[in-house]
Number of protein chains: 2
Amino acid sequence: MSKTLLGALEAGGTKMVVATGYADGTVVECEEIPTGDPVKTMEAVADWFRDKGIAALGIGAFGPTAVNPASPRYGQILETPKTAWRYFDLLGSLKSELDVPCGYDTDVNSACLGEATHGCARGLDTAVYLTIGTGVGAGVMIDGELLHGMMHPEAGHILLQLDPRDTIGSESGCPYHPNCLEGLIAGPAIKRRWNNKQADELADDGEAMDLLAGYLAQALVIYTLCYSPQRIIIGGGVADHTPIVSLARKKVVALLNGYIVTPEISDIDTYIVENSLDGKQGILGCLELARRAQQRSVSGR
Amino acid sequence: MSKTLLGALEAGGTKMVVATGYADGTVVECEEIPTGDPVKTMEAVADWFRDKGIAALGIGAFGPTAVNPASPRYGQILETPKTAWRYFDLLGSLKSELDVPCGYDTDVNSACLGEATHGCARGLDTAVYLTIGTGVGAGVMIDGELLHGMMHPEAGHILLQLDPRDTIGSESGCPYHPNCLEGLIAGPAIKRRWNNKQADELADDGEAMDLLAGYLAQALVIYTLCYSPQRIIIGGGVADHTPIVSLARKKVVALLNGYIVTPEISDIDTYIVENSLDGKQGILGCLELARRAQQRSVSGR
């Protein structure tokens, strides 16, 4: 069987990563296009793909966005602070230009799919991918399919118990929630709490790391109890440049306190893991979305 | 098409509810058998079903239990405080006696399925059923299938932010977690906090109801963000005999604080609902498990 060239788009708030590649995870070309005005940006994206000869396109978009094909807004960006993008038909703008089968999901769901297809969640059917950077987002795969439901998970905003040592007070990094995970451990929260510092500058600060790891552990316990995943994968700049993942593992075990007895939990180092794939999980997930879209189109489903 | 008689078993820690009925939700016979010694209890259950002529059996079991068919312990009760039942092969004990296709899941997943098939989650594909009684449990349906993963959800034990007004201190009703939902709002927590009273005796106590509804609302926000369900259904004695569900709705909207903008959330009274089916959602879910098991058996999957 000859290889089918596929397209992948990671549509982010600051940049669009466009790529071509194959279902086996080989990336042929990869480029970045800055995110600006929606119409012009998507024209540039469509132009990039136009003569590549891709058989299908997989899109992982920033949220909130309508990922359920049954939704009347399917493929649109929803109520985002980036007002120019609000209700912009991201999927439609590419479909009409490129005329290939398209798969569409959130950026974090795509990253979860990338880890499940080629990375450290390979062979599993239920997994969570958590990214901690300027924001916090979670992609969730249940029984091999990405979770949508009413909209899609927004598990970066779950509410946590405030640590009494925390000085952040009412200055959470989330404009909506004084005590959500994103508001307590993402980049903006770190800057507010520690004098404009970045996560990597605090990596050796034991107290700071302990505070962040405690919040992360609370969230990981909630994900474990809610999703019953077979593995949780953590990425993003804050996690990649600090020891919070390894610090959080012990705290997860302590918080669960023996309540969940499974082979997975008894091997916590392989249950809660750092991401693999060198930051390519998003693009590889988009290639897999493209592969699935092409397969659906061939089988007429 | 002639009607196929199906069997249903709600296997609880204090009683076994056995029933026969049809896929359309008609219950023909229904009886209770007290839960005692595992072997004798399951013999009595098997005896009850033996000459009924059922084509398949659906079982909703108390947890923790192995519901993933790929698990080597599939059908067994796991690490339960009821030590006699620990690692008892509940599914196997019936399969060997009755020789019919069996569906097997948790009691709360079955109740969720019952509401999805015949009750207030009909027509939806992603829903949460929460029961608040002597314990708290959540059944979760994602895209039409009940959630399993590593084990099954244990979302009654998610950790919450303690209310500063709460006098429960370190006396949570959960032996594992000082601040989990079950430890804060189930029957034992209510008794400890309010001088051995039951939930229904406190239904007119505004402060008590406000405290409980606040915890419930925190949990509902977390479920909304994690599962992105199309509806959340609430049952169980504590919910049925107090106004906490209606009190929690406003608090959910306040806690979400405009972050999730969907038609569902904007109609919170139909998003968070009381259970329907007069306590029969569990048995009706088991009948649906039986129907699915029979269908799989016929189609050879």
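The values are calculated or read from the model by the stated rules, or taken from the named source; none is laboratory data. As the structure is a computational prediction, the values presented were derived from the model and not from experiment. Virtual Cβ from ideal backbone geometry, glycine too; neighbours counted across all protein chains shown. The protein model used for the area step is the full one, side chains on, heavy atoms only, and it has no ligands, DNA or RNA in it. Shrake-Rupley method; radii C 1.70, N 1.55, O 1.52, S 1.80 Å.
In this structure, does B:Ser93 turn out to be under 22 Å from B:Pro69 (Cβ atoms), assigned to a helix (DSSP H, G or I) and open to solvent by less than 10 Å² (accessible area, probe 1.4 Å)? Reasoning before the result, please.
Values: under 22 Å from B:Pro69 (Cβ atoms): yes; assigned to a helix (DSSP H, G or I): yes; open to solvent by less than 10 Å² (accessible area, probe 1.4 Å): no.
Judged against the criteria, B:Ser93 is not a match.
For residues in segment B:13-40 being among the small types (Gly, Ala, Ser) and at pLDDT 95 or above, which is surrounded by the fewest Cβ atoms within 10 Å (Cβ to Cβ)? Quick ask: steps written out before the conclusion?
Step one: filter segment B:13-40 for residues among the small types (Gly, Ala, Ser), giving B:13, B:19, B:21, B:23, B:25, B:36.
Checking which are at pLDDT 95 or above leaves us with B:19, B:21, B:23, B:25, B:36.
Details: B:Ala19: 26, B:Gly21: 24, B:Ala23: 20, B:Gly25: 16, B:Gly36: 12.
That would be B:Gly36.
Looking at (1) more than 11 Å from every other protein chain (Cβ to nearest Cβ); (2) open to solvent by 50 Å² or more (accessible area, probe 1.4 Å), can you tell me which one B:Asp143 breaks?
If we test B:Asp143 against (1) more than 11 Å from every other protein chain (Cβ to nearest Cβ); (2) open to solvent by 50 Å² or more (accessible area, probe 1.4 Å), just (1) comes out false.
Taking segment A:179-202 as the search range and keeping residues that are away from chain B (no Cβ under 14 Å) and either among the hydrophobic types (A, V, I, L, M, F, W, C) or touching a helix residue (DSSP H, G or I) at 6+ places or on another chain (Cβ under 6 Å) (or both), which one is most open to solvent (accessible area, probe 1.4 Å)?
Only one residue fits best here, namely A:Trp194.
Within segment B:267-278, how many residues are open to solvent by 10 Å² or more (accessible area, probe 1.4 Å) and touching a residue at least 40 places away in the same chain (Cβ under 8 Å)? Steps first, please.
From segment B:267-278, those open to solvent by 10 Å² or more (accessible area, probe 1.4 Å) are B:267-270, B:273-278; that's our starting set.
From what's left, touching a residue at least 40 places away in the same chain (Cβ under 8 Å): B:273-277.
Residues flagged as open to solvent by 10 Å² or more (accessible area, probe 1.4 Å) and touching a residue at least 40 places away in the same chain (Cβ under 8 Å) within segment B:267-278 amount to 5.
Can you report the number of residues in segment A:151-178 which are in a loop (DSSP other than H, G, I, E, B), facing chain B (nearest Cβ under 9 Å) and surrounded by 22 or more Cβ atoms within 10 Å (Cβ to Cβ)?
7
Let me spell it out: the conditions are (1) surrounded by fewer than 20 Cβ atoms within 10 Å (Cβ to Cβ); (2) over 15 Å from the mean Cα position of the chain (by Cα); (3) more than 14 Å from every other protein chain (Cβ to nearest Cβ), and A:Gly133 meets all of them except one. Which number is the exception?
Among (1) surrounded by fewer than 20 Cβ atoms within 10 Å (Cβ to Cβ); (2) over 15 Å from the mean Cα position of the chain (by Cα); (3) more than 14 Å from every other protein chain (Cβ to nearest Cβ), A:Gly133 violates only (2).
Going by the structure shown, is A:Glu43 at pLDDT 95 or above, open to solvent by 60 Å² or more (accessible area, probe 1.4 Å) and part of a helix (DSSP H, G or I)?
Against the criterion (at pLDDT 95 or above, open to solvent by 60 Å² or more (accessible area, probe 1.4 Å) and part of a helix (DSSP H, G or I)), A:Glu43 qualifies.
In segment A:258-296, what residues are hydrophobic (A, V, I, L, M, F, W, C), part of a helix (DSSP H, G or I) and within 13 Å of chain B (Cβ to nearest Cβ)?
Restricting attention to segment A:258-296, the residues satisfying the condition of being hydrophobic (A, V, I, L, M, F, W, C) are A:260-261, A:265, A:268, A:272-273, A:277, A:283-284, A:286-287, A:289-290, A:293.
Still in the running and part of a helix (DSSP H, G or I): A:265, A:268, A:277, A:283-284, A:286-287, A:289-290, A:293.
Matches in segment A:258-296: A:Ile265, A:Ile268.
Each row is one residue, and each column tells you yes or no for (1) basic (Lys, Arg); (2) assigned to a loop (DSSP other than H, G, I, E, B); (3) within 11 Å of chain A (Cβ to nearest Cβ); (4) open to solvent by 10 Å² or more (accessible area, probe 1.4 Å).
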{"site": "B:Gly60", "(1), (2), (3), (4)": "no, no, no, no"}
{"site": "B:Pro72", "(1), (2), (3), (4)": "no, yes, yes, yes"}
{"site": "B:Gly123", "(1), (2), (3), (4)": "no, yes, no, yes"}
{"site": "B:Gly139", "(1), (2), (3), (4)": "no, no, no, no"}
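When you go through (1) part of a loop (DSSP other than H, G, I, E, B); (2) free of Cβ contacts under 8 Å to residues at least 60 places away in the same chain; (3) more than 23 Å from B:Ser297 (Cβ to Cβ) one by one for B:Glu31, which number turns out not to apply?
Going through the list (1) part of a loop (DSSP other than H, G, I, E, B); (2) free of Cβ contacts under 8 Å to residues at least 60 places away in the same chain; (3) more than 23 Å from B:Ser297 (Cβ to Cβ), B:Glu31 breaks only (1).
One line per residue, one yes/no per condition, for (1) within 21 Å of B:Tyr259 (Cβ to Cβ); (2) in contact (Cβ under 8 Å) with a residue 40 or more places away in the chain; (3) assigned to a helix (DSSP H, G or I):
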{"site": "A:Met16", "(1), (2), (3)": "no, no, no"}
{"site": "A:Ala19", "(1), (2), (3)": "no, yes, no"}
{"site": "A:Trp48", "(1), (2), (3)": "no, no, yes"}
{"site": "A:Val67", "(1), (2), (3)": "yes, yes, no"}
